[in-house]
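The values are calculated or read from the model by the stated rules, or taken from the named source; none is laboratory data. These figures come from a predicted structure and were not determined experimentally. We place every Cβ from the backbone using ideal geometry, glycine too, and count neighbours over all the protein chains shown. All accessible areas refer to the heavy atoms of the entire protein, side chains included, with ligands and DNA or RNA removed. Shrake-Rupley method; radii C 1.70, N 1.55, O 1.52, S 1.80 Å.
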Amino acid sequence: MMLDFREKMQNEAVRFVTYNVNFASSKFSNYKIRANNILVEPNKAPEAPSLKEIVAKETAELLERRQRLSVRDLAKKFEKGLNTATKLSNEAKWREVTNGGVLLKKLMVVLESLKGRMVGQNKDEVEEAISMVEILVDQLAESEGELLQEKSEVKKLAILLKKASEDAKKLVEEERACAHAKIESARAAVQRVLQAFHEHEKLSRSKEKQKDFQELMSEVQEARRIKMLHQPSRVMDMEHELQALRIQYAEKSMSSVQLGKELERSRTLKENKNQLYELEGLESLGSSLHIIPREDTAPDISTCSIQWYRIQPEGNKKELIPGATKSVYAPEPFDVGRFVLAEIVMGAESITVATTGPIDPAAGLGSYVEALLRKHETEFKVVVVRMNGENHVSNSIHVFHVGRLSIKLSREKTILAREFYSTSMQLCGARGGGNAAAQAIFWQAKKGLSFTLAFQSERERNAAMMLARRFAFDCNITLAGPDDRASAGT
C-alpha cells in the first residue's frame with residue numbers, strides 16, 4: 001500500500017513538473033557530489049568554446065592578419081568582427097533568458113511542494129534534490145557573473161571594433177581624397193603638358209611657315225636677279241634714272257646753296273663791304289670747295305697764303321687741317337657736321353671765308369658702308385697718282401684692299417704694300433688741291449712708304465676712308481692725316 005502511494009506521488013510530481021517546465025532532455029542529469037559540495041556530471045561531453053574564447057580567437061586572428069590587409073580589407077574585417085560581436089552578444093542574451101534561473105526557481109517551487117507531501121525516504125530524496133538545486137543555483141549565479149563580465153568585455157570589444165571601423169572608414173576617405181587630389185593634380189599636369197605641346201607645335205608650324213616664306217622670298221629675289229641679268233637694257237635704264245636723279249639732286253642742292261650763299265652774301269655785303277673772296281661748291285661730302293674772287297679787283301689767289309680749318313658748330317675753336325693750303329679743298333668724313341673755314345693772308349691783311357653751314361653727309365653713303373662692313377674684305381679700283389711724294393707716271397689700274405686687320409695695294413699678282421693697322425699708318429683725303437681732290441686719298445702704309453690714290457668716284461673714295469677707319473677703330477687704332485689731332489672722330 002505504501003509502495004503504491006509512493007509511486008503515485010512520484011508520477012504526479014513528474015506530471016506536474018512536466019506541465020510547467022520544458023527540459024532539454026527527457027531525464028535529469030546524473031550528478032555526483034564531490035568535496036566542497038561541487039556537482040560533477042560524469043561522462044560529460046567536450047564543452048563548446050565559450051564566448052570569451054571565441055572573441056579572443058577572432059581578435060588574435062585580426063591582429064595576425066592586420067599587417068597583411070589593406071585599408072579596405074581591414075575596414076571589412078572590422079565590420080565583420082562588429083557583426084560577430086553583436087551576434088554573440090545577442091546569443092548570450094538569449095542564453096541568459098532561456099537558461100537563466102527561471103527554470104531552477106520553478107524547479108525549487110516544485111520540489112518544495114513535493115517536500116510537504118513526501119515522508120520518510122522520499123522526503124530525504126526530495127531534500128537531497130533541493131540541496132542539489134541550491135548548489136546549481138549558486139553555480140548558475142557564478143556563471144551569470146562570468147557571463148556579465150564576458151558581456152561587458154564583449155561590449156568593450158564591440159565599441160573598440162566600432163571605433164576601429166570608423167577610423168578605418170575615415171582613413172579610407174582620407175586616402176580616397178588624397179588619391180583624388182593626386183589624380184586631379186596629374187590631370188592638370190597632363191593638361192599643361194598637352195597645352196605646352198600644342199603651343200610648341202603651333203610655334204614650330206609658324207617658324208616653318210616663316211622659314212618657307214623667307215625661302216620663297218629669297219627664291220623670288222633670286223628669280224628677279226636672274227631676270228634682271230637677262231634684261232641688261234632694263235638695268236641700264238634704272239642706272240640712268242638713278243644717275244639722272246643724282247644729277248637733279250645735285251642741281252637742286254647747288255641751287256639751294258647758291259640761294260643760301262646769295263642771302264649770306266647780301267648779309268655780309270651789308271656788314272663787310274670789303275669782302276674780296278667767297279667759297280664756291282656744294283657744302284657736302286663728295287664735293288670740292290673753291291675759293292674764288294668776288295670782284296675783279298681782288299688780288300690773284302695764287303699769290304696769297306691759304307690755310308683751311310675745321311670749326312665745331314657749338315664752339316668757335318678752330319682746328320687746323322695740316323697740308324690743306326691750296327685754294328681747293330675736298331671735305332672728308334672728318335668734316336661732316338662741322339664748318340669749314342679758309343684763312344687767306346695777303347701781306348699784313350687777313351681775310352676769312354667759311355661755309356654757311358656744317359658739311360652735310362653724302363646721300364646713301366652710310367647704308368653703303370654698313371653693307372660693306374659685313375664683308376671680310378672690300379676691293380676698290382684705284383690709280384696711283386703719287387708715290388713717296390713723287391708723281392707716278394704709270395696710269396695702270398691697281399686694287400686697294402680694305403680688310404678687317406690690314407690694308408693692301410696690289411696690281412694683278414704684284415703686291416706694292418700690305419700693312420696691318422698700326423699707329424704709324426695714316427689715311428686722309430688728298431689735301432694738295434686739284435680738280436680730282438674729291439676722288440683722291442693720301443695713304444701712308446708705314447714710315448717711308450706713302451701713296452696718293454685716285455678712286456673711280458667720290459662715293460668709293462669716302463666709303464674706303466670710312467671703312468678703313470671703322471676697321472682700325474675696332475683694332476684700337478685711329479686713322480687720320482699727317483699731324484691731325486688724335487681725338488678726331490671717324
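Accessible surface of the range 424-490, 1.4 Å probe: 47 percent of it comes from carbon and sulfur atoms. Placing 465, 108 in order of accessible area, with the largest value first and a 1.4 Å probe, yields 108, 465.
Per-atom-type breakdown for the range 141-203 gives carbon and sulfur 60% of the accessible area (1.4 Å probe, protein chains only).
Spatial offset of the range 452-485 relative to the range 375-402 amounts to 14 Å, using the alpha carbon center of each.
Hey, which of these cross-link pairs are over 32 Å Cα-Cα: 106/162; 106/156; 80/106; 381/446; 80/105; 252/381?
Working: 106/162 40 Å; 106/156 34 Å; 80/106 39 Å; 381/446 21 Å; 80/105 38 Å; 252/381 30 Å.
Long pairs (Cα-Cα over 32 Å): 106/162; 106/156; 80/106; 80/105.
From the Kirkwood radius over Cα pairs of the range 371-490, Stokes-Einstein at 4 °C and 1.567 mPa s returns a whole-number translational diffusion coefficient of 91 µm²/s. Contact order for the range 276-395, expressed relative to its length and based on alpha carbon pairs under 8 Å spaced 6+ residues apart, stands at 23 percent.
Could you calculate the FRET efficiency of residue 153 with residue 203 from 1/(1 + (r/R0)^6), where r is the beta carbon distance between them and R0 is 60 Å, rounded to 0.05?
After rounding, the FRET efficiency stands at 0.25.
When only Cα pairs below 8 angstrom with a gap of at least 6 residues are kept, the range 337-385 shows a relative contact order of 29 percent. Hey, rough spin-label estimate for residue 390 and residue 112, points 7 angstrom out along Cα→Cβ, what's it come to in nanometres? My value for the distance between the label points is 16.8 nm. Taking amide H atoms as placed 1.01 Å from N in the peptide plane, the amide H of residue 417 lies under 5 Å from those of 409, each 5 or more residues away in sequence or on another chain.
Applied to the range 396-403, the Karplus parametrisation 6.51 cos²θ - 1.76 cosθ + 1.60 on θ = phi - 60° returns per-residue 3J(HN,Hα) values of 5, 7, 10, 10, 9, 9, 10, x Hz, with x for Gly and Pro. For residue 305, the shell of other residues with beta-carbons less than 12 Å away shows a net charge of -1, using +1 for Lys and Arg and -1 for Asp and Glu.
As a calculated quantity, the FRET efficiency between residue 180 and residue 226 at R0 = 56 Å, using C-beta atoms, amounts to about 0.25. Accessible area per residue for the range 338-471, computed on protein heavy atoms with a 1.4 Å probe, is 49 Å². Counting charges near residue 286 (Lys, Arg +1; Asp, Glu -1) among other residues having Cβ under 13 Å from its Cβ returns a value of -3.
Restricting the calculation to alpha carbons of the range 301-364 gives Rg and Dmax of 12.3, 44 angstrom. Give the shape of the range 421-484 as rounded, prolate or oblate, defined through the alpha-carbon gyration tensor: a ≥ b ≥ c are the square roots of its eigenvalues, a/c under 1.5 means rounded, and otherwise the shape is prolate if a/b is larger than b/c and oblate if not. Oblate shape, in that a/c is at least 1.5 and b/c is the bigger or equal ratio.
Over all other residues within a Cβ to Cβ distance under 10 Å of residue 318, the charged ones net out to 0, with Lys and Arg as +1 and Asp and Glu as -1.
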